[in-house]
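Before any comments, here is the structure.
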Amino acid sequence: CCVSFCQGGDAAMKKTGKMVSEVLKSFMKKPATELYPFVKNPKPAGFRGRIIFHYEKCIGCKLCMRDCPSKAITITKVADKKFEARINLDDCIFCAQCVDNCAKNALESTSDYELAGLSRDSLKTVFNNESVDNVALRPEE
C-alpha cells in the first residue's frame, strides 16, 4: 500500500512542478477574460436587446402578439385609438419578430441587454402614454 503510494507520489510531484511552471507563466501573460462590468464591449450592428413600445404609433393590429414565439407581448386597448403594451422580458427570447412585423414601427429593439434584477416583476413592463420618453418602465401591477 505504502509502496504504490510512494511510486505514484513521484509522478504527482512531476505534475505539480509542471503546474507551478504554468501558473508562473500565466502571471506574465495578458488576461484571457474581459473586465466586463467595468469595461463594456462594443455591440455589433443589429444587436437585439430590450424591446420598447411607441404607443403613439400603434394601430392595434396585434401582429406582434401573433408573431411572438414566446407570447411575451400583449397589446391592450385603453382608449379610442390608444393602446398599451405589456412586455414580459423574462419570457422574451429577443428574436425581434415583433419589431420586424410591426407595420407602423411601434416596436423597437434596443441594444440594452443588462436585464438582471432581484425579482421577475422588474422584467414585466408596461408601455403606455404614462411612460416618460418611452424609456421609463414601470413594473406590471
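The values are calculated or read from the model by the stated rules, or taken from the named source; none is laboratory data. Keep in mind that what you see is a predicted model, and the values were worked out from it rather than measured. With ideal geometry, Cβ positions are generated from the backbone for all residues, glycine too; neighbour counts draw on all protein chains shown. Side chains are part of the model used for accessible areas, which takes the heavy atoms of the whole protein and leaves out ligands, DNA and RNA. Shrake-Rupley method; radii C 1.70, N 1.55, O 1.52, S 1.80 Å.
Tabulated data for the structure shown
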quantity	calculated
Residue in region 72-94 that is open to solvent by less than 70 Å² (accessible area, probe 1.4 Å), part of a loop (DSSP other than H, G, I, E, B), among the aromatic types (Phe, Trp, Tyr) and out of contact with any helix residue (DSSP H, G or I) (no Cβ under 7 Å at 6 or more places or on another chain) present	yes
Some residue of region 27-50 being part of a helix (DSSP H, G or I) and over 22 Å from Ser111 (Cβ atoms)	yes
Test: residue in region 24-37 that is open to solvent by less than 60 Å² (accessible area, probe 1.4 Å) and farther than 15 Å from Asp100 by Cα	no
In region 38-61, the residues that are buried (at least 16 other Cβ atoms within 10 Å of the Cβ) and within 18 Å of the chain's Cα centre (by Cα)	Arg48, Gly49, Arg50, Ile51, Ile52, Phe53
Meets criteria (closer than 30 Å to Ala85 by Cα, in a helix (DSSP H, G or I) and out of contact with any Lys or Arg (no Cβ under 8 Å at 6 or more places or on another chain)) for Glu56	yes
Pair list, Cβ < 9 Å and 6+ apart or interchain, from region 119-131 residues that are closer than 10 Å to Val78 by Cβ and open to solvent by less than 40 Å² (accessible area, probe 1.4 Å) to residues that are hydroxyl-bearing (Ser, Thr, Tyr) and assigned to a strand (DSSP E or B)	Asn128/Thr76
